[in-house]
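Novice: So that we are looking at the same thing, I have put the structure below in structure tokens.
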Amino acid sequence: MANDIDGRVNPATHAESASLDIDVDVSMISTQPFYPDNFTARLHSFLTHKDPGKQIYALSQMPHLATCNWRGRTNFAKETTILACRGAQFPLKLWIVGELVTAYFFEQNSSDPLKRVNLYIRPLLPTDMSTAERLLHMFVSVEGDQPTLRDTVKVGRWQTQRKRGSTETTATPFTILYDATTTFCAKDQMTTLDPSQLGRGDVLLAEVEVVRYHPMDADNHSPDLSKWEIRFDIQALSLLLQAPEEYNDVVDNRESNVEI
């Protein structure tokens, strides 16, 4: 990948592939029979959301990639950088709206939290799927595990912490899942949900940041500084609609061929 010295995305290489103000019609949204009559109209507002002041964009409205760069992350390992618009106060926060396919919050057969949470979401807007794939494939410098699987987008979050005086990290519960089934507003005004309440087919809003990182080397001992991969880091999840019980009986399927 060709980058300028300050980490800007080379506009000559990437400008033509950026997603800019896609005109989203409600007829483009993938729906299910159990969606309420007014739900598609509500979805449209999430799928077209744009707030340049806070750098929050639905995938269909994200800024031109030629205006973006990679920015260091305070209090994070130097091997990771985050996508941002040049001159912006905040990093880019993208909205992915879709149906939950698979989620991994807990250790198998246990209520203990995983050190890394992962979810696979099927976007309700076909163009969002292609935009996410372009982001992933444009920025990687090596073929490898990418956060897409067939028609889903993989989003995740590290849930580890290390206490003073300890050399070990421990997993912490996932606490940024919000109930937005009736109202989406400031996070401190929404009720939080336990992730065990999620089921397959639930419609989620995933607020994510785009992070570039060095994958581990072949021996899995240290980061390979010659390679880059991309991931979508969860900043918050909001439940927009709960699927019927008969639709969402299995969400954490350890027997599937999905590798986490």
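The values are calculated or read from the model by the stated rules, or taken from the named source; none is laboratory data. Please read all numbers here as calculations on a predicted model, not as lab measurements. With ideal geometry, Cβ positions are generated from the backbone for all residues, glycine too; neighbour counts draw on all protein chains shown.
Novice: Being part of a loop (DSSP other than H, G, I, E, B), among the polar types (S, T, N, Q) and modelled with pLDDT of 60 or more is the filter here; which residues of region 223-260 pass it?
Specialist: So in region 223-260, the residues part of a loop (DSSP other than H, G, I, E, B) come out as 224-228, 242-244, 248-260.
Checking which are among the polar types (S, T, N, Q) leaves us with 226, 242, 248, 253, 256-257.
Across region 223-260, the qualifying residues are SER226, GLN242, ASN248.
Novice: For region 208-222, does any single residue satisfy the condition of being acidic (Asp, Glu) and at pLDDT 80 or above?
Specialist: Scanning region 208-222, I find at least one residue that is acidic (Asp, Glu) and at pLDDT 80 or above, so the answer is yes.
Novice: For region 49-70, name all the residues that are part of a helix (DSSP H, G or I) and of a type in the set (A, V, I, L, M). Show your work before the answer.
Specialist: If we filter region 49-70 for residues that are part of a helix (DSSP H, G or I), which is where we start, we get 59-61, 65-67.
Residues satisfying the conditions are LEU59, LEU65, ALA66.
Novice: Quick check on region 156-171. Is at least one of its residues buried (at least 18 other Cβ atoms within 10 Å of the Cβ), within 20 Å of GLY98 (Cα to Cα) and in contact (Cβ under 8 Å) with a residue 24 or more places away in the chain?
Specialist: Yes, that holds for at least one residue.
Novice: Which of the residues that make up region 145-182 are at pLDDT 80 or above, small (Gly, Ala, Ser) and not in a strand (DSSP E or B)?
Specialist: Matches in region 145-182: ALA180 only.
Novice: Separate question: Mind listing whichever residues of region 80-108 are surrounded by fewer than 20 Cβ atoms within 10 Å (Cβ to Cβ), assigned to a strand (DSSP E or B) and aromatic (Phe, Trp, Tyr)?
Specialist: Answer for region 80-108, where residues must be surrounded by fewer than 20 Cβ atoms within 10 Å (Cβ to Cβ), assigned to a strand (DSSP E or B) and aromatic (Phe, Trp, Tyr): just PHE106.
Novice: I'd like the full set of residues that are modelled with pLDDT of 95 or more and either surrounded by fewer than 17 Cβ atoms within 10 Å (Cβ to Cβ) or hydrophobic (A, V, I, L, M, F, W, C) (or both), limited to region 56-79.
Specialist: Taking region 56-79 and keeping what is modelled with pLDDT of 95 or more, we get 56-58.
ILE56, ALA58, listed by residue number.
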